[in-house]
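Coordinate-derived values only; no laboratory data. In this text, all values refer to a predicted model and were calculated from it rather than measured experimentally. Heads up, the Cβs are rebuilt from the backbone with ideal geometry, glycines too, and the neighbour counts pull from every protein chain shown.
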Amino acid sequence: MTVREVRPSPPPTNPGQNVPRTPEPLEDSGILVVRDAAHEITSSWRDQYGEATDAREILEVLQEVTEAIGARMNGTVKPLSGTSVSTLGRRLVDLLRAAIIRRGADPTVVPSGQLIRVLTAIEGVREQVEPDWARYF
């Protein structure tokens, strides 16, 4: 049996190149609650509304609204397209809010601090999807 000499590896030529990154934090529980609520809406939409609207359009608007809520939770404002600033967009925001309030009744699902944060973000997006009422009065 031969004995091999063990030498340490030479340092990398670019010191920051091989440094292990810190792992990404686990996903925010507030954002997970919003995604769960969005999933609930897409799952029940056909049962409640049939084929009255295009499923693809619903998914696109719901995704954009959900992303806008997540952005607000992170302190930024994501502009919404015209398809989201619509009756459908307002309805989906209302359905998201209702689903999250139902979940918020159980503090083990949504801690109260997160619930307020999520509802505040939803309120900001609700303001974005509202029409400019000043034009009508």
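Does at least one position in region 106-114 carry a residue that is part of a helix (DSSP H, G or I), touching a residue at least 40 places away in the same chain (Cβ under 8 Å), in contact with a helix residue (DSSP H, G or I) (Cβ under 9 Å, 6 or more places away or on another chain) and surrounded by 12 or more Cβ atoms within 10 Å (Cβ to Cβ)?
Within region 106-114, one or more residues are part of a helix (DSSP H, G or I), touching a residue at least 40 places away in the same chain (Cβ under 8 Å), in contact with a helix residue (DSSP H, G or I) (Cβ under 9 Å, 6 or more places away or on another chain) and surrounded by 12 or more Cβ atoms within 10 Å (Cβ to Cβ).
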Checklist entry - Restricting attention to region 89-100, does a residue exist that is in contact with a Leu (Cβ under 8 Å, 6 or more places away or on another chain) and assigned to a loop (DSSP other than H, G, I, E, B)? => result no
Next on the checklist: surrounded by 12 or more Cβ atoms within 10 Å (Cβ to Cβ), farther than 15 Å from Val33 by Cα and under 14 Å from the mean Cα position of the chain (by Cα): which single residue out of Val118, Val61, Val65 fits that description?
Outcome noted: Val61
